[in-house]
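None of the figures in this text is laboratory data; all of them are computed from the coordinates on show. Quick caveat: nothing in here was measured; it's all calculated off a predicted structure. All Cβ positions, even for glycine, are placed from backbone atoms using ideal geometry, and neighbour counts span all protein chains on display.
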Amino acid sequence: MRRLSYALLTAIFCAVLFPSFCFSYGGIRVGIPLPDGKILPAYYFLPQCKIDRPIPGVVVGVGVGSQLIPQYHDYCRHLADCYYAVLLIDPSNYPESLVPHPYTWDRGMGYVKGSINQAAVTAKLAFTNDWYLQSIKSAFDFLCASPMVDKTRLVISAFSQPANASLVYANRDRRVKAIIWNYGGSPWVMPYNAMYLPPVLIFHGEKDDVYDVKYAKQLAFELRTNAKDFELGIYPNQKHMFNVYYDLFTENWNSRPVIRHSFGKLIAFLNRVLMIQPHKKVSYSPR
């Protein structure tokens, strides 16, 4: 080929800059250097079509070990297909050897093991969150190092525990232009100032069994009180992970209308706050 695709150029770029680069089942597997010398495992997703201009970048932060879960890879693939550069990370950098199998994390001993991992990270956060926020910063630095990412349009979409951290981090980093806050919880470990937040899209299930929906309502109240730009999506009868979860053995991304509806709301929100025109291949729209 006389011209390499932008995706391939990025692969070469990552391979040179980040030595632990490799391909994986969900996207481009990369290792992001951290200041303490450790490596943060991540997955990098790009549009499958030609990139003809710098595109917005999204850091997707998930719970302990969840960067291995296929449902999150599906979420990132769909975002990338909407013309975004997407980086999937677990900010806790929990040892992957201790993470449940990606196909059994939601049942039996896999669920128990994941709950123990989550408790261990929560306990560590009670002492300090600087190490956790540094992982998020390194992820944004990674996106900014890519020549195809629009550095003026960077977003964080954070789920559960990282959702709490996303608010704190956005207070510190003006590069964050929008937050997708997915069913976070109590901010007592990571307090933030709503006055200095960028536009926020809040997702929460009314019957969340991990973090009570009251936290979403409280965040909405604080944003409204400070006259901040936000949208609130509380979904009746939905539990934790409602906008990404489906049973890998019996379902797929299209099996649950709530997933497509919430994703359409997400894309519409980003198009509005980032002031971008939808890419011609994008067809998602909330009803």
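Other residues whose C-beta falls under 14 angstrom from the C-beta of Ala42 contribute a net charge of 0, scoring Lys and Arg +1 and Asp and Glu -1. Beta-bridge orientation, the chain: approximately 30 percent antiparallel, per DSSP, counting only bridges with both partners inside. For Lys113, give me every one of the lysines with a C-alpha distance below 19 angstrom, ignoring sequence neighbours fewer than eight places off in its own chain. Cross-link targets: Lys124. Can you list the aspartates and glutamates whose alpha carbon is less than 19 Å from that of Lys217, not counting same-chain residues fewer than 8 positions off? Filter leaves Glu206, Asp208, Asp209, Asp229, Glu231.
Taking the Cβ of Ser138 as the centre, find all other residues whose Cβ is under 14 Å away and add up their charges (Lys, Arg: +1; Asp, Glu: -1).
So the surrounding residues net to -1.
What ranking, highest mean first, results for peptides 171-182, 266-277, 77-88 when packing means the other Cβ atoms within 10 Å averaged over each residue?
77-88, 171-182, 266-277
Mean residue ellipticity, 222 nm, helices only, the chain: the sum of -39500 (n - 2.57) across DSSP H runs of n ≥ 4, divided by residue count and rounded to 500, is -11000 deg cm²/dmol. Extension gain, Ala268 to Ala119, is 50.2 nm, computed as 0.36 nm per intervening residue step minus the present C-alpha separation. Just add up the charged neighbours of Lys239: K/R +1, D/E -1, any other residue whose Cβ is under 11 Å from the Cβ of Lys239. Around Lys239, the surrounding residues sum to -2.
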